[in-house]
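Bear in mind these aren't lab numbers, they're just calculated from the coordinates by the rules spelled out. Model, not experiment: these values are computed from the prediction. Reconstructed Cβ throughout: ideal geometry from the backbone, glycine too, with neighbour counts over all protein chains shown.
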Ligand code: GDP
């Protein structure tokens, strides 16, 4: 948790320190709620989640007859915990073999990095991993994965033909033939302005189901926490097009916008599988709601 606290330091300095100034003691009044609202809004919690949290906190203040702002902090933590704890559902990969994970996200979100970290983590658990280089739009993305795979002894299925559907077919068939445990399937990154190209990724998903009925078993959307409220609209767009089953919130270490996690949870209650708090393998870690809230606020 020390590492998590370090990773969330920027958010804690923004959100935690501002909150400390109103949780210092004194009467709970309309002014305190207004300040709390402003702090949450300026910390990327977003309008809807801020409203939800304020209503929740006010209900707790009433029910528990709280009267001092020192007690408000616990109320906020409890409200956040109720919002985020249901999304603490670690990815379980043992139900299928191969277990096919499709990764999606806009360019630069941290997809390639996440694939590398996941591949190493699964390997260290004794699982065999295959990577499908399905981002055929960017030759650099394919080459990057191939080089990485060679260095780390992970088989990478790639094609120069530029057909992501063919890559997925090859990868899934190869994984079945070789008894691979986990397939990490990269997909074409989108620019946030190219969301209309979402149809193509949806098509790739359907192809995977044809290659192996039921696949992909997980549609993992990688979001860059730095993009704040933009991450919220990305979740909606990708979820509408693909049916996202899990989220990765990356680059939390580089931003004060960690509060966006509440906005995302409020917009779409999709399990948060992993959070990214740095460049090291272990810096991609399973999401734990209460640890996250503590690291953000204490
Ligand atoms: P992609 O375009 O979605 O594949 O994005 P990349 O995986 O190439 O990541 C873009 C940049 O973000 C790279 O420089 C990564 O090293 C960096 N990055 C990814 N995840 C994290 C993270 O959790 N923390 C930090 N600090 N950097 C990250």
For the Cα atoms of the chain, what angle does the longest principal axis make with the long axis of helix 30-42, in degrees from 0 to 90, nearest 10?
20 degrees
Would you kindly compute the Cα radius of gyration of the stretch 28-184 and its largest Cα-Cα separation (Dmax), both in Å?
23.2, 67
Among 277, 28, what is the fewest-to-most ranking by other Cβ atoms within 10 Å?
28, 277
Assuming a ≥ b ≥ c are the square roots of the Cα gyration tensor eigenvalues, decide whether the stretch 241-286 counts as rounded (a/c under 1.5), prolate (otherwise, with a/b larger than b/c) or oblate.
oblate
Once the cut-off is 29 Å, how many percent of the Cα-Cα pairs in the chain end up in the long-distance tail?
37 percent
For Cα pairs less than 8 Å apart in space and 6+ apart in sequence, what is the mean separation divided by the residue count of the stretch 4-105, i.e. the relative contact order in percent?
26 percent
Extent of the stretch 147-232 along each principal axis, from alpha carbon coordinates, in Å, largest to smallest?
43, 31, 26
Between the stretch 162-183 and the stretch 221-298, the alpha-carbon center distance in angstrom:
28 Å
Computed P(r) (all Cα pairs; the stretch 104-150; 5 Å bins; percent)
5, 20, 32, 25, 13, 6, 1
Enter the angle in degrees (range 0 to 90, nearest 10) between the Cα long axis of helix 229-242 and the first principal axis of the Cα atoms of the chain, meaning the one along which they spread out most.
40 degrees
Would you kindly compute the Cα radius of gyration of the stretch 206-298 and its largest Cα-Cα separation (Dmax), both in Å?
14.1, 49
The chain: relative contact order as a whole-number percent, Cα under 8 Å and 6+ apart
29 percent
